[in-house]
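All of the numbers you see were taken from the coordinates with simple rules; none came from a lab. No experiment lies behind these values; they were computed from the predicted model shown. Here Cβ is always computed from backbone atoms with ideal geometry, including for glycine, and neighbour counts include all displayed protein chains.
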Amino acid sequence: MKRISSRAARAASLTIALAVLTAAAPASKPEPAGQGAPPSAKAGAAPKLQSVTLAIRHRIFHEFADQQTAVLNKDFVVGDTEMTGRIVQYVPDFMMDLKNHKIISRSPEPKNPAFKIVVRDKGKAVDTTWAMLSLPPHFARKSYLAFKVMRIDFIGREPLLADSAQSAKELEALKEAARKAAPPEMDGPPPLTTSPHGSMPMPPPGTVSPHGGTSPHGTSPHGGVTTVPSHQSTTETK
């Protein structure tokens, strides 16, 4: 009983000592606002997002490269296509709760900023993905576009910039990974998918012609006329 009492007493003393040290510790000072902040900006206040600059790559068209500056909840155009993107959510300090798979922000400070982007083709939502500053871009399983955060501008705070050399390596690695993962028959655009460079979509080989035959090159964009390859000969009907 004496040993147990002695251990309990030491534990109680340690708890009291920790509580005293915690109370005596100085409170952490908020981080000052960046240089150039207007006088009205409060030091330590969470910065307000102004815009984000995104590098954009395509899974199928490996040489496609675009960069757009976007603002929250407003559409931006992808290349010279009818595809658009919109940032619908900004998470300053991104973290995923693995228990319930929910996205949360650990703090209001942009320590691990992430942006949720909805992609639309001719006004129809076709994909939802994330773009981050600190992590490399990637293609989701069904995504044709990938985004990399290059710069984040705030109101009354210095911008955050991605490392240009590291970002270039990440984007090149993304292109090579997409190139290696593409099946041989996917040298061109996928069926009925608009090229990011504005070319007309073409149906896949084997498409039935409206004139009763099968086109080896798909339906022609000029009114559905079947194209006859030059190496094939035609036989006259006597």
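Note on LYS180 and GLN67: the model spin-label points, each 7 Å out from Cα along the C-beta direction, lie 2.7 nm apart.
Near ASN112, the amide H atoms lying under 5 Å from its own belong to ASP93, PHE94; only residues 5 or more places off or on other chains count, and H is placed 1.01 Å from N. Checked against a 23 Å cut-off, the cross-linked pairs LYS122/LYS175; LYS99/LYS148; LYS116/LYS148; LYS148/LYS169; LYS102/LYS175 give Cα-Cα distances beyond that limit for LYS122/LYS175; LYS99/LYS148; LYS102/LYS175. Could you list log10 I(q)/I(0) for region 48-184 at q = 0.11, 0.12, 0.18, 0.20 Å⁻¹, which the Debye formula gives when each Cα is one point scatterer? The computed values of log10 I(q)/I(0) come out as -0.39, -0.47, -1.06, -1.27.
With a Förster radius of 35 Å applied to the beta-carbon distance between SER143 and ALA46, the computed FRET efficiency rounds to 0.70.
From most to least packed by mean Cβ count within 10 Å, the peptides 161-167, 148-154 give 148-154, 161-167.
Computed from backbone phi with θ = phi - 60° and the Karplus coefficients 6.51, -1.76 and 1.60, the 3J(HN,Hα) list for region 131-137 is 10, 9, 8, 9, 10, x, x Hz; x is used for glycine and proline.
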